[in-house]
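> Can you keep this structure in mind? I'll have questions shortly.
Nothing in this text is a laboratory measurement; each read-out follows from the coordinates by a stated rule. These numbers come from a predicted model, not from an experiment. Please note: Cβ atoms are built from the backbone with ideal geometry, for glycine as well, and neighbour counts cover all protein chains shown.
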Amino acid sequence: MEQRIDRIKKQLHSKSYKLTPQREVTVRVLLEHEDDHLSAEDVYMLVKEKYPEIGLATVYRTLELLTELKVVDKINFGDGVSRYDLRQEGAAHFHHHLVCIECGSVDEIQEDLLEDVEKIVESRFNFEIKDHRLTFHGICYRCKDKSE
Ligand SMILES: [Zn+2]
Ligand SMILES: [Zn+2]
Ligand SMILES: [Zn+2]
């Protein structure tokens with residue numbers, strides 16, 4: 001955790017930003033909830049527990065800054081809510097999501113798995129791929145177990 005905060009601090013410094021206490025608390029909350037897909041309001045509620053005097057606008061600006069620096073990715077699962085997701089360190093492309101249409105759970109696939117598809121898209125459409133968002137909608141293994 002401390003090492004990752006240190007690396008994020010360096011990332012901010014390289015773009016002439018400081019890791020202020022408010023920003024650090026926000027980063028800590030994101031790291032502690034790495035597997036969750038928190039909305040700005042969720043992050044705010046958790047940050048407030050550690051840093052009661054912080055305002056929603058500050059948390060919001062920090063999330064926007066972290067998005068700009070590619071520390072987090074902003075995603076939307078079709079419910080109109082922007083969620084913030086930590087980017088895996090060193091990953092060239094964003095991870096994939098499995099969204100369960102029954103229980104609403106969100107699981108992640110960290111492997112890219114798209115190398116072949118990317119090659120086809122790049123050659124057939126003469127398109128240079130920089131990143132992608134892939135969300136699968138279906139029934140998770142937990143719900144499948146329940147119905148069997
Ligand atoms: Zn994710
Ligand atoms: Zn990829
Ligand atoms: Zn489910």
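> Quickly estimate the mean residue ellipticity at 222 nm for the chain, helices only: each DSSP H run with n ≥ 4 gives -39500 (n - 2.57), and the total goes over all residues, rounded to 500.
-13500 deg cm²/dmol
> Then there is this: If you add up the charges near Glu49, with Lys and Arg at +1 and Asp and Glu at -1, over every other residue whose beta carbon is less than 14 angstrom from its beta carbon, what do you get?
-1
> Let's see if you can work this out: charge +1 on each Lys and Arg Cβ, -1 on each Asp and Glu Cβ, no other charges. What is the dipole magnitude of the chain about its Cα centre, in debye to the nearest 20?
680
> What's the extension gain from Cys143 to Glu111 if we count 0.36 nm per residue and subtract their Cα-Cα distance?
9.2 nm
> Restricting to Cα pairs below 8 Å that are 6+ residues apart, what does the relative contact order work out to for the chain? Please round to a whole percent.
17
> If you take every residue apart from Lys15 with its C-beta less than 12 Å away from the C-beta of Lys15, what net charge results, scoring Lys and Arg +1 and Asp and Glu -1?
Here the charged neighbours net out to +3.
> Okay, moving on. Report the antiparallel proportion of the DSSP beta bridges in the chain as a percent, rounded to a multiple of 5.
The antiparallel proportion sits near 75 percent.
> Can you tell me the dipole magnitude for the range 93-148 around its Cα centre, using point charges on the Cβ only (Lys, Arg +1; Asp, Glu -1), in Debye to the nearest 20?
Approximately 240 debye in magnitude.
> Sticking with this one: Projecting each Cα onto the charge dipole of the range 93-148 (Lys/Arg +1, Asp/Glu -1 at the beta carbon, about the Cα centre), which of Ile109, Leu134, Phe94 comes out farthest on the positive side?
Leu134
> Continuing with this model, one more query. Putting +1 on Lys and Arg Cβ atoms and -1 on Asp and Glu Cβ atoms, find which of Val47, His37, Gln22 reaches farthest to the positive end of the dipole of the range 10-49.
After comparing all options, I get Gln22.
> Mean separation of Cα pairs under 8 Å and 6+ residues apart, divided by the residue count of the range 48-134: what relative contact order is that in percent?
So the answer I get is 18 percent.
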